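Below you'll find the structure, written out as structure tokens, and then a few comments.
The values are calculated or read from the model by the stated rules, or taken from the named source; none is laboratory data. All of these numbers come straight from a predicted model, not from anything done at the bench. FYI the Cβ positions are ideal-geometry reconstructions off the backbone, even for glycines, and counts take in every protein chain you see. Only protein heavy atoms, including side chains, enter the accessible area calculation; ligands, DNA and RNA are left aside. Shrake-Rupley method; radii C 1.70, N 1.55, O 1.52, S 1.80 Å.
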Amino acid sequence: MRKHNRQLLDELIRLPFLLVGFIVKAIYRVMFGWWLDPWLQGKANQSLVEDVRGKLPFLFPNGTVVEHPQIRVLPFDYASVEVSWENLLFSFTRGREESNVLVAPRHAPNMSYELGAAIAALEDRRNSDCYAINDLHDAASLLQPHLQALNAAFSEHDFPTIKQKLW
């Protein structure tokens, strides 16, 4: 009998909470979400751009930040920025106390790889903790000495070779 009463009570309490949550979410989207979420995402992305420029200044004499016509709102506190540099397209993502850097050839932007794995393949080594990226400082330390070689490997002519090593 107690188990049945508990289930009934759970269902009676659960339904109003779900209804209130739905109403609050709908009100937020109508009044704030359509302008506040993109604005906050833009601020987070701009902060990441400034950090990338500060920690990886060697990218910016020749590199440019890729501007997107519409801001994609990311979950939680994530920010994302793309930087185009000669044959390379870097994607920097930061959020929830972690950073990630992907690299792709500019001629095939959907074929992206983690920076550490790409550099390990470039050196014919296995990906290990020495190629791990925890923040932008780690990315700069790993990328700067390998930038020209990575640029050559991701060119249209040489990309099929490095692609085989990355699989």
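Couple of notes before you dig in:
- Considering Arg72, Arg125, Arg96, the condition of being under 23 Å from His157 (Cα atoms), among the charged types (D, E, K, R) and surrounded by fewer than 16 Cβ atoms within 10 Å (Cβ to Cβ) is satisfied by Arg125 alone.
- Residue among Pro61, Pro57, Pro109 that alone is in contact with a strand residue (DSSP E or B) (Cβ under 6 Å, 6 or more places away or on another chain) and either over 14 Å from Ala139 (Cβ atoms) or open to solvent by 60 Å² or more (accessible area, probe 1.4 Å) (or both): Pro109
- Only one of Arg6, Arg14 that is among the charged types (D, E, K, R), part of a helix (DSSP H, G or I) and within 29 Å of Leu74 (Cα to Cα): Arg14
- Residues of the range 75-93 that turn out to be in contact with a Ser or Thr (Cβ under 8 Å, 6 or more places away or on another chain) and either open to solvent by 50 Å² or more (accessible area, probe 1.4 Å) or of a type outside the set (A, V, I, L, M, F, W, C) (or both), as a count: 7
- The single condition among (1) over 27 Å from Pro75 (Cβ atoms); (2) touching a strand residue (DSSP E or B) at 6+ places or on another chain (Cβ under 6 Å); (3) modelled with pLDDT of 90 or more that Leu166 does not meet is (3).
- Only one of the listed residues (Pro16, Pro105, Pro69, Pro61) is without any contact (Cβ under 8 Å) to a residue 12 or more places away in the chain and within 19 Å of Leu147 (Cα to Cα). That residue is Pro61.
Table: residues versus (1) among the small types (Gly, Ala, Ser); (2) within 12 Å of the chain's Cα centre (by Cα).
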residue: Ile71; (1), (2): no, no
residue: Val81; (1), (2): no, yes
residue: Gly95; (1), (2): yes, yes
residue: Glu114; (1), (2): no, yes
residue: Ala139; (1), (2): yes, no
residue: Ala152; (1), (2): yes, no
residue: Asp158; (1), (2): no, no
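- Residue that is least open to solvent (accessible area, probe 1.4 Å), among those in the range 128-151 that are of a type in the set (Gly, Ala, Ser) and without any contact (Cβ under 8 Å) to a residue 12 or more places away in the chain: Ser128
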